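Note sheet for the following structure.
The values are calculated or read from the model by the stated rules, or taken from the named source; none is laboratory data. Just so it is clear, the structure is predicted and the values come from calculations on it, not from any experiment. Don't worry about glycine lacking a Cβ; one is built from the backbone with ideal geometry, like all the others, and counts go over all protein chains shown. Please note that ligands, DNA and RNA were not included when accessible areas were found on the heavy atoms of the full protein model with its side chains. Shrake-Rupley method; radii C 1.70, N 1.55, O 1.52, S 1.80 Å.
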Amino acid sequence: MNDTYVELLIRKKHSILPVLLRNLLIVAGVLALLAAFLLTGSIVLFLAGAILLGLAYLVNFNKIIEYEYLFLDKHLTIDRIQNQSRRKTVAEYDLTTTELFAPASSGRMAAYQGRNDIKTADYSTGEKDSSPYALIIKVNNQLQRVLLEVNDELFEQIRKVAPRVTFRDSSLINLPIRKN
């Protein structure tokens, strides 16, 4: 077989908000449990404390998110990894239906900006200084915009699958002018 395999792991930038929310839920849960023990027989405060601590656990569980891109023979699979322990496949794409693959800030993406019929899926790091690529692909007869952080190896494999619609430039300036 002549299968091509590329694997890339991207860590999504996490914000300070989940950490603050988790700490607030822990403090509120502990205070509710203490109040339940001080006010003997207060089952409502005990349940509220348990629920708040459970929510703090859930917020903490989603703190570290990574995306793993798996490219295998014209198919791109994206897995979401939570806290380096749980893995779930969130998307699978057949790259033979690619309409455009270029930097998200590219002038080539202008035709797809602001359209309400295109659904966007963001599997990038989310950092300000990153330069994600946008993959415009047809899924179930509907266009979808997928934001990815790619390295050179993954870019080249996608370019081999869809060479006419894959671009590395960030604008239309570098295109040659065709004369009739």
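Check every one of the strands (runs of 3 or more DSSP E) wholly within segment 18-127 and list those with 3 or more residues that are crowded, with 16+ Cβ neighbours inside 10 Å.
Per the criteria, 65-72, 75-82, 98-103.
When residues of segment 1-11 are filtered for being at pLDDT below 85 and open to solvent by less than 100 Å² (accessible area, probe 1.4 Å), how many remain? Quick ask: steps written out before the conclusion?
Step one: of segment 1-11, the residues at pLDDT below 85 are 1-4.
When the remaining residues are screened for being open to solvent by less than 100 Å² (accessible area, probe 1.4 Å), the result is 3-4.
Result for segment 1-11: 2.
Being without any contact (Cβ under 8 Å) to a residue 24 or more places away in the chain and among the hydroxyl-bearing types (Ser, Thr, Tyr) narrows it down to one residue among Tyr67, Tyr123, Tyr57; which is it?
Values: Tyr67 fails: without any contact (Cβ under 8 Å) to a residue 24 or more places away in the chain; Tyr123 fails: without any contact (Cβ under 8 Å) to a residue 24 or more places away in the chain.
The match here is Tyr57.
Would you confirm, using the coordinates I've provided, whether Val6 is of a type outside the set (Lys, Arg) and assigned to a helix (DSSP H, G or I)? Reasoning before the result, please.
On the way: of a type outside the set (Lys, Arg): yes; assigned to a helix (DSSP H, G or I): no.
Against the criterion (of a type outside the set (Lys, Arg) and assigned to a helix (DSSP H, G or I)), Val6 does not qualify.
Looking at (1) modelled with pLDDT of 85 or more; (2) more than 23 Å from Leu9 (Cα to Cα); (3) not charged (D, E, K, R), find the lone condition where Leu154 falls short.
Result: Leu154 fails condition (2) only.
Confirm whether Ser15 is at pLDDT below 90 and more than 23 Å from the chain's Cα centre (by Cα).
Details: at pLDDT below 90: yes; more than 23 Å from the chain's Cα centre (by Cα): no.
It is false that Ser15 is at pLDDT below 90 and more than 23 Å from the chain's Cα centre (by Cα).
Within the set of pairs 6+ apart or on separate chains, which have a first residue in segment 1-30 that is free of Cβ contacts under 8 Å to residues at least 40 places away in the same chain, a second that is open to solvent by 70 Å² or more (accessible area, probe 1.4 Å), and C-beta atoms under 7 Å apart?
Leu25/Leu55
Among (1) farther than 18 Å from Asn151 by Cβ; (2) modelled with pLDDT of 85 or more; (3) among the polar types (S, T, N, Q), where does Ser124 come up short?
Single failed check for Ser124: (1).
Which of the residues spanning segment 128-150 are exposed (fewer than 13 other Cβ atoms within 10 Å of the Cβ) and outside any loop (DSSP other than H, G, I, E, B)?
The one that is exposed (fewer than 13 other Cβ atoms within 10 Å of the Cβ) and outside any loop (DSSP other than H, G, I, E, B): Gln142.
Checking the conditions here, which among Thr77, Thr98 is of a type outside the set (D, E, K, R), closer than 23 Å to Thr4 by Cα and free of Cβ contacts under 8 Å to residues at least 40 places away in the same chain? Give the derivation first.
Values: Thr98 fails: free of Cβ contacts under 8 Å to residues at least 40 places away in the same chain.
The unique qualifying residue is Thr77.
What pairs come up if the first residue lies in segment 151-172 and is loosely packed, with under 14 Cβ neighbours inside 10 Å, the second is in a loop (DSSP other than H, G, I, E, B) and modelled with pLDDT under 90, and their beta carbons are under 7 Å apart, counting only those six or more places apart or on different chains?
Going by the 7 Å Cβ cut-off, the qualifying pairs are Asp169/Ser106.
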